[in-house]
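These notes concern the structure reproduced below.
Nothing in this text is a laboratory measurement; each read-out follows from the coordinates by a stated rule. Computed from a prediction, not measured in an experiment: that's the story for all the values here. Cβ placement follows ideal geometry from the backbone for every residue including glycine, while neighbour counts extend to all protein chains displayed.
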Amino acid sequence: MSKTQKQFKAIADFLKLVTTDVEREGTSTVVIEHQTSNYRAVVTVFDDYLRDRSMTEVLNREFRIFGKVARHLPAGSGESVDLLASSGVAGFPSEILGQLTSTMKEMVAQTGMQIPTPMAMVHPPVIEIVPIAIYL
């Protein structure tokens, strides 16, 4: 097995672990980037409340959220939102996650695959929203 194949396998195993852990909780975390401002929003959606559990109705589309802002971190805040806080990899050192991210970036550059860069932390400015309703 070549070095690249070993890296692909390691990444696949890691992502399977993270995905299995998140699916067990019955939630999906979505990071929304606002088109005209620098703000991002982190929304945790309970899968039981989705009409389409594959999230295809929400991902890569425009929608509105009615909800409660649970946390606001303005620009310059020393805090960040940890997307892996409730997952099984929460205790992983940031160096290991950084190596995974750089390996995925290298893989994308070599193969031309279009995969979003994984994020473990969302840096300010960011808001966390507890959704009440999502309007498509």
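Structure data summary
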read-out: Long-range amide H partners of Val126 with built H, under 5 Å; value: Arg40, Leu73
read-out: Local electrostatic count, Tyr39, Cβ distance below 14 Å [Lys/Arg +1, Asp/Glu -1]; value: 0
